Structure formats: C-alpha cells, structure tokens
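Colleague: Mind looking over this structure? Questions follow.
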Amino acid sequence: MIPSQTAGSSKVASELYQAFLQINEDEVTGLAERIIKANRVFVAGAGRSGLMGRAFAMRLMQLGIPVYVVGETVTPAIKAGDLLVIGSGSGETPLLVAFANKSASLHAEVVLITLSAHSTIGRMANHTIMLTGARKDQVDADVSVQPMGSLYEQTLLLFYDIVIISLMQMLEMDASRMYENHANLE
C-alpha cells in the first residue's frame, strides 16, 4: 500500500471504531424488543441506507421473524401492531417521509435510525435512534474522511448486526438454526 492509502484506511477504521463505541446498548435492546413484540416488521431506506436495511431484513428472515422490505412487490399492507424501521441519515427523504406518515396514520409503530432526530420523520416516529456520521450533503473532514454519508451507512449496518446478535440471544437462536432459513436457490 502507498502511504496515503494506509493513512486513509487507518482513519476509516478509527472512525468506525469510534462510531461503534457510541452505539447505545439500551437502544439495541429496545429495538430488538420492539421487533419481537411486532406482528410483522417492515424495513425501509433509500440508496445505500436502503441496502443496509435489506441486509438487516435478510437476517431478520433468517431468524424466522416475519419481515418485508418496503417497495418490494410481495410486501403486504402495513397495519396496527406492525413495526416500520426506517434508516435515514437526514430523516427528510420524501418517499420515506410518506412511508412514515402512512404507517403512523394506520397506527403502526415507526422507528427511525438517523443522524437527525429533529427531522420530519424524527418528529413522526414513535422512537428515534441516533447514530454517528456525516449526512451525505455534509462535507466535513472533522466528522468523517469518507464521502457522502459512508460513515453513517457503515454504522447503520453495524447497528443492525448488533440488533441481530441481541435478537439471537433473546430468541435463543444460533447461526446453525438461522442457516436453515438461508437462501438455497442461488
């Protein structure tokens, strides 16, 4: 590696470690408990945050939890007793605002995982979880050396994976039992 790559990769690793240290275990447990109590879980996000949500939904399915990714053709109507988990750094993405509004109007619980608690979705959500990072429109090397929200998206995936570990413990599920639900048409 050339020196600038080494320095950059060290900075990224440091940023991720600092973000990891700021993940609140009570928030992890709280989301895991909400997931267990929900009739069904719906996951939404846009762009790269949406990709992190899809990874989370896959793990929830492997745990045997009824889960849907909003926008897929097989996603049913959300109803009271369901949970919508939205990953959005800004909390202002118009389509996600519409999802939160519709879900709230139907008395489904809305959880936002964000950088912006006082955002439009944050004001609508039943619960807001704050993560570390810079929004994609922020260019602030003091917050992150990474471009366009990468730190938030990486932290979101870490948070989701820690929630999965918490759920595994609560449900007394191990990876070998989860593997029974792993895709086999691939």
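Coordinate-derived values only; no laboratory data. Treat the numbers as computed from the prediction; the structure is a model and nothing was measured. No Cβ is skipped: glycine too gets one built from the backbone with ideal geometry, and neighbour counts run over all protein chains shown.
Colleague: Got a number for residues in segment 79-121 being among the hydrophobic types (A, V, I, L, M, F, W, C), under 18 Å from Ala57 (Cβ atoms) and either in contact (Cβ under 8 Å) with a residue 60 or more places away in the chain or in contact with a helix residue (DSSP H, G or I) (Cβ under 8 Å, 6 or more places away or on another chain) (or both)?
Modeller: Looking only at that region, the number is 11.
Colleague: Residue under question is Leu63, and the condition is that it be touching a residue at least 24 places away in the same chain (Cβ under 8 Å), under 18 Å from Ile121 (Cα atoms) and among the aliphatic types (A, V, I, L, M); does it hold?
Modeller: No: the conditions fail for Leu63.
Colleague: To continue, here is another question. Given the structure, is Lys37 over 22 Å from Ile164 (Cβ atoms) and among the charged types (D, E, K, R)?
Modeller: Here the answer is no, as Lys37 does not meet what is asked.
Colleague: Additional query: Could you list, ordered by first residue, the pairs with Cβ atoms under 8 Å in which the first is in segment 169-186 and farther than 23 Å from Thr29 by Cα and the second is part of a loop (DSSP other than H, G, I, E, B), at least 6 apart or interchain?
Modeller: Cβ pairs passing all conditions: Asn181/Leu63; Asn181/Gly64.
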